Amino acid sequence: MKSFGPKSWMLPQPVLIIGTYNADGTPNAMNAAWGGQWDAHEIVISMGAHTTTDNLNRCGDFTIAFATQSTMVASDFVGIVSANDDSEKMQKTGWTATKSAHVNAPVFTDFPMTLECRILRKIDEDKEGCYIVAEIVNILVDETCLSDDGKPDVQQMQLISYNPINHTYISLGHIVGHAFADGKQLK
């Protein structure tokens, strides 16, 4: 095996769109790849110093949407352009924002699944950023992405993953097995 040393190559990496409100009340979004499940009802995100970080310091509520093939270009855009540098950032995405019913944050209705979240605590906070641990207050799923049993159908969502090795996005969605079941073959 070839050795590469330490790199940020944990795979797959979700493409997370963090929704917050700016100081003037307008919706803002940023792309974050370094996040995941922390506990049964909690997530963790590694945050640097961004406009979104300032927004979260004012209000600990936010949303997390999962980027898809159809939102990929605008999702990448909100990761490379700061609201501090482009006052028309959100208009350029073409996304529609509505007020969350459960937290003080925007829900971008262009995404099939959104987590409504509230910060529980920050870890290792300094001027460079911090790790945010947040509770999942509610989950919204577009009804067009529900299967016959009424649960979210991840295959229909056409989610993407960030490939940090080659700086590309990869489409997800093919079922290759059944968790907590297929391994029983080896019992």
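Values in this text are rule-based calculations from the coordinates and carry no lab data. Everything numeric here is computed off the predicted structure, so don't read it as measured data. Virtual Cβ from ideal backbone geometry, glycine too; neighbours counted across all protein chains shown.
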### Query
For Glu116, all conditions in the list (1) surrounded by fewer than 18 Cβ atoms within 10 Å (Cβ to Cβ); (2) of a type in the set (Asp, Glu); (3) assigned to a strand (DSSP E or B) hold save one; what is the number of the exception?
(1)
### Task
Of all residues in segment 78-93, count the ones that are within 21 Å of Val107 (Cβ to Cβ) and surrounded by fewer than 16 Cβ atoms within 10 Å (Cβ to Cβ).
3
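Please enumerate the residues belonging to segment 1-28 that are among the aliphatic types (A, V, I, L, M), under 20 Å from Ile160 (Cβ atoms) and either touching a residue at least 60 places away in the same chain (Cβ under 8 Å) or in a loop (DSSP other than H, G, I, E, B) (or both).
Selection gives Met10, Leu11, Val15, Ile17.
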### Summary
Going through segment 29-51 in order, the residues found to be in contact (Cβ under 8 Å) with a residue 12 or more places away in the chain and acidic (Asp, Glu) are Glu42
### Test for Ile123: is it of a type in the set (Val, Ile, Thr) and either over 15 Å from Ala65 (Cα atoms) or not in a strand (DSSP E or B) (or both)
yes
### Summary
Log entry, pairs with first residue in segment 54-74 being within 29 Å of Ile123 (Cβ to Cβ), second being aromatic (Phe, Trp, Tyr), beta carbons closer than 7 Å, six or more apart or on different chains, reads Asn55/Tyr21; Leu56/Phe62; Cys59/Tyr21; Ala65/Phe108; Ala65/Phe111; Phe66/Phe111
